[in-house]
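Remarks on the structure that follows.
The values are calculated or read from the model by the stated rules, or taken from the named source; none is laboratory data. Treat the numbers as computed from the prediction; the structure is a model and nothing was measured. Heads up, the Cβs are rebuilt from the backbone with ideal geometry, glycines too, and the neighbour counts pull from every protein chain shown. Accessible surface is based on the protein model in full, side chains and every heavy atom, while ligands, DNA and RNA are left aside. Shrake-Rupley method; radii C 1.70, N 1.55, O 1.52, S 1.80 Å.
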Amino acid sequence: MLDYDLEAAHYDQTRGGVARARAAADAVLELLPADCAVLVDVACGTGIVSELLTAPGRTVIGVDPAAAMLALAQPRLGGGGRVVRGDATRLPLATGSVDAVTFMWLLHLVDEALVASAIAEAARVLRPGGMMITTVDKNAAQYETDSDVGEILRLARRELAPPASDDVERVGELAAAVGLQPAGLAGYVGHGQGRSPREWARRVREDIAWTRGADPARVAEICRALEALPEQEVRRADPVYKVAGFRLGGD
């Protein structure tokens, strides 16, 4: 896990900036009921998405464990919200006190036990009928683009990678266990995040966790397939990320 206090100063610039934040926020707003009065953005980071979820009559509360992130988030939320230091498994909020909980770019970073705890905590603080909205299959998206690169990487990942902590079906099971039922899917484009075959071959050799422990011969085979593709320096399609909504029963 990164040290997000150290990452805060340059986090937005290295993660797609406003374009990615706007796309992600639009996907959340597609699922969010218009009458949502209190929204909690968990692991809000710099508040770059939180800010875009504000609306007249809505309070947005940003929660993050990193003080440096919250220092950047507070001015963005301004009078339409506030920030609170805390983590996803122990939200500093009363039971049944909010209308929506969002997890953007969080569940893929933690193990399944923490995913289960975070989802249960979201259910605790939601009012009946409230919504939990989260990215799912976050890392899978970059390997499953609609391209020749995607065809190679999709099969390789399914063969070699361990189950993802934010797998959409598993998240759905964990949500159902605490009374949260599916309430829609949305998506957004990771603008500027498509990569060329040559860059992907380098990443497969050097950067991807699930290839490090794989048979070197199999890794070499994947790289050869990528390096055999045409237009080696041309970026392929940007990934399309999934956002899932779950509603708490009882309304």
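Could you look through the range 75-106, keep only residues that are polar (S, T, N, Q) and farther than 16 Å from L39 by Cβ, and pick out the one that is least open to solvent (accessible area, probe 1.4 Å)? Within the range 75-106, the match that is least open to solvent (accessible area, probe 1.4 Å) is T89.
Between a residue in the range 205-222 that is under 9 Å from L160 (Cβ atoms) and any residue that is exposed (fewer than 13 other Cβ atoms within 10 Å of the Cβ), which pairs come within a Cβ distance under 7 Å, given they are 6 or more apart or on different chains? Close Cβ pairs (under 7 Å, with a partner that is exposed (fewer than 13 other Cβ atoms within 10 Å of the Cβ)) amount to W210/P162. Note on the range 116-147: residues that are part of a helix (DSSP H, G or I) and more than 12 Å from the chain's Cα centre (by Cα) amount to 12. Of all the residues in the range 88-103, those that are over 16 Å from S50 (Cβ atoms) and outside any loop (DSSP other than H, G, I, E, B) number 1.
Does E233 satisfy the condition of being charged (D, E, K, R), outside any helix (DSSP H, G or I), open to solvent by 40 Å² or more (accessible area, probe 1.4 Å) and farther than 27 Å from V115 by Cα? Yes; evaluated as a whole, the condition is true for this residue. None of A164, A140, A123 is among the small types (G, A, S) and modelled with pLDDT of 95 or more except A123. Do we have any residue at all in the range 107-116 that's over 20 Å from L32 (Cβ atoms) and in contact with a Leu (Cβ under 6 Å, 6 or more places away or on another chain)? Yes, that holds for at least one residue.
On the stretch given as the range 226-251, residues that are of a type in the set (K, R) and closer than 18 Å to M131 by Cβ total 2. Reported count of residues in the range 28-71, each being within 15 Å of the chain's Cα centre (by Cα) and in a loop (DSSP other than H, G, I, E, B), is 7.
For the range 193-222, filtered to residues that are of a type in the set (A, V, I, L, M, F, W, C) and closer than 30 Å to E169 by Cβ, the residue that is most open to solvent (accessible area, probe 1.4 Å) is A209.
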